[in-house]
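Accompanying notes for the structure given below.
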């Protein structure tokens, strides 16, 4: 019965869908379909994915989605995240951390416009797309789209999508040694005809504390300066074909920052900038490719880019800040977080200034000692 | 060894069941990887909670019922050769359910951090959920993207 319904669903979607596209669809068409937020089918699956923090640990997650865009994720492993749940009912997005006894309640991201078309246009600028060798994943026939980057610093990515539903089943990348790294994989998948409505209702244990947030507001540089008190650094040209997607001010009284969303079409990243009050101890321990202080502004990049690419992205922000005069050159040389130690191009390009700044630095040290 | 390989050995490491070289490798990794060290602490806490549980006395006639069940299973073995696998799977599920129950009922969250004490980590985590949460290609962002930051 359910198989028959799936078949009907697939045929019903054939206007834009796969029955027709099997012969004529380009790799971009297939990839674009898998980028859409709304699926043509309900989904129930077990997936594994690499930890977003770059620790190399794989998480196992139970995934439920319905064709209306509602979703329910439950983390099964590793132990320290087990029981973490996320429910999006199309209006609100709730994330429940049982260990912390906290629920984060915010606007559903599905309310924002879908950016798949824009990202695909960028993808086609930055990658060459072709069909790869299809394989079976979790018992499903797939189509493989291989995205080879035009910029040699980026990695080749392979997307395996369900041949019948276009649902993404596996994402791989080829690292610098051409070794295959699986970022996301599907262990089990089914497309049930129906999903009970109560699957998209969060049922926490006890009475957790709920923290409610509004969606981040889109903004521009002038508004950021007025609200946050500093001009945000926005590179005119970003490395590796990345482009700015949007700039948003996070809506929280506890931590006001600007979030600059960047993407090359397939890889996303966010560069946060905020005025540091000197008490950001919790970010001090983060790896130095992801966070730094330029002047009194902290920058942090969160992305699934690897460390050298994260650093390259931050370099672009520093370079832009220097070029636009938003950053005093001395601040990249002086304590407590000398940016120049990481970026040799700064020392090379500003060789003359280096000596001046070093002299000023020595002078300041001397003065401090005397006082 | 990477984090995945280490994670698979944490339980055996806690029980001292690894070879000398493996013990050394795991110890070295734990000394420099905060995420695995945290996972190791959780494994130890879990083991300690389980070992602290009282052992319930067996119900009456357990031995008789057990022997009779074994005899029955023997008789069916030839007809249903897959049966032991199903039983094993069942045991695995029960064990996983017990583990979940212990975590859920634990009065004090193990290594739980008060979100108020880590505003930036929490805010970034929340923002990432918002920004990539709807991207099917991004998988699920339900877990911490920033736990590597917090001590």
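Every read-out reported here was derived from the displayed coordinates using simple, explicitly stated rules and does not represent laboratory data. Values in this document were obtained by computation on a predicted structure and should not be read as measured data. Positions of Cβ are backbone-derived with ideal geometry, glycine not excepted, and every protein chain shown enters the neighbour counts.
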Cα-Cα P(r), the range A:290-330, percent of pairs per 10 Å interval: 30, 53, 17, 0
Centre separation in Å (Cα based) which lies between the range A:101-129 and the range A:136-214: 14 Å
Percent of beta bridges antiparallel (DSSP, the range A:3-210, rounded to nearest 5): 95 percent
Residue order, fewest to most surrounding Cβ atoms within 10 angstrom, among A:254, A:226, A:215, A:158: A:226, A:254, A:215, A:158
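So for A:290, B:68, fewest C-beta neighbours within 10 Å to most, what's the order? Before the final figure, lay out the partial values.
On the way: A:290 23, B:68 11.
In increasing order of surrounding Cβ atoms, one gets B:68, A:290.
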Relative exposure of A:277, B:47, judged by other C-beta atoms within 10 Å (fewest first): A:277, B:47
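Going by the alpha-carbon gyration tensor, a ≥ b ≥ c the square roots of its eigenvalues, is the range A:146-228 rounded (a/c under 1.5) or, if a/c is not under 1.5, prolate (a/b greater than b/c) versus oblate? It would help to have the intermediate numbers written out before the result.
On the way: a/c = 2.40, a/b = 1.13, b/c = 2.13.
Oblate is the answer for the range A:146-228, as a/c is 1.5 or above yet b/c matches or exceeds a/b.
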Over the range A:74-168, relative contact order from alpha-carbon pairs under 8 Å, at least 6 apart, %: 14 percent
Projected label distance in nm at residue A:194 and residue A:136, using a 7 Å step from Cα toward the beta-carbon: 3.1 nm
Largest-first principal axis extents, alpha carbons of the range B:1-80, Å: 53, 34, 21
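Ignore the peptide's own chain and count Cβ atoms of other chains within 10 Å of each Cβ in A:81-88; give me the average, rounded. Don't jump to the answer; show the numbers that get you there.
Numbers: counts 5, 7, 3, 4, 1, 6, 1, 3.
Average per residue, whole number: 4.
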The range A:26-181 - Debye-derived log10 I(q)/I(0), Cα point model, q = 0.10, 0.12, 0.13, 0.16 Å⁻¹: -0.42, -0.62, -0.73, -1.09
Label-point separation in nm, residue A:180 to residue A:210, each point 7 Å along Cα→Cβ: 4.5 nm
